[in-house]
Amino acid sequence: MPWADFERNERLITDNANSKGMMVCGPVRKGEALLAGLLRCGHCGRRLLVGYNGAKGDVGRYKCDATRSNPDGDPCISFGALRVDEAVGAEIVRLLQPLGVEAAIQAIAQR
């Protein structure tokens, strides 16, 4: 990867940090859920939405979008985001870590 691409990626990551408040552009969505917009219900196939609650409004919960078409009904599934996001995040890091080492070796070799 060219150095300019690396620097661009670093800027994008920095701009997407939620913890920086108004100092950065921020993500398109608010909240910390890692899989927002990526999951589907295993029962009905609808999207899983993310809702936040808790004292600070920072506790994520994935739930089926079925309640949009039937507001009085229950979602097919609903589960907390913390454990799922931690497991998926750990797996992403495990899979990408060798690529990161290889990219660092290539970057050093190109200097």
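The values are calculated or read from the model by the stated rules, or taken from the named source; none is laboratory data. Note that the coordinates shown come from a computational prediction; the quantities given were computed from them, not determined experimentally. Please note: Cβ atoms are built from the backbone with ideal geometry, for glycine as well, and neighbour counts cover all protein chains shown. Side chains included, ligands, DNA and RNA excluded: accessible areas come from the protein's heavy atoms. Shrake-Rupley method; radii C 1.70, N 1.55, O 1.52, S 1.80 Å.
If you go through segment 2-21 one residue at a time, do you hit one that is in contact with a strand residue (DSSP E or B) (Cβ under 8 Å, 6 or more places away or on another chain) and modelled with pLDDT of 85 or more?
Looking through segment 2-21, none of the residues is in contact with a strand residue (DSSP E or B) (Cβ under 8 Å, 6 or more places away or on another chain) and modelled with pLDDT of 85 or more.
Given the residues G60, G31, G51, which is the only one that is touching a residue at least 12 places away in the same chain (Cβ under 8 Å), surrounded by 17 or more Cβ atoms within 10 Å (Cβ to Cβ), in contact with a strand residue (DSSP E or B) (Cβ under 9 Å, 6 or more places away or on another chain) and not β-branched (V, I, T)?
G60
Out of segment 38-48, which residues are open to solvent by 90 Å² or more (accessible area, probe 1.4 Å) and not hydrophobic (A, V, I, L, M, F, W, C)?
Within segment 38-48, R40, H43, R46, R47 qualify.
If the requirement is being at pLDDT below 90 and farther than 27 Å from E10 by Cα, which of these qualifies: L34, L49, L38?
One residue alone meets the criteria, L49.
Which residues, taken from segment 46-103, are assigned to a strand (DSSP E or B) and touching a Pro at 6+ places or on another chain (Cβ under 6 Å)?
Answer for segment 46-103, where residues must be assigned to a strand (DSSP E or B) and touching a Pro at 6+ places or on another chain (Cβ under 6 Å): K63, C64.
Name the single residue, out of those in segment 64-87 being within 17 Å of the chain's Cα centre (by Cα) and over 13 Å from L48 (Cβ atoms), that is surrounded by the fewest Cβ atoms within 10 Å (Cβ to Cβ).
R83
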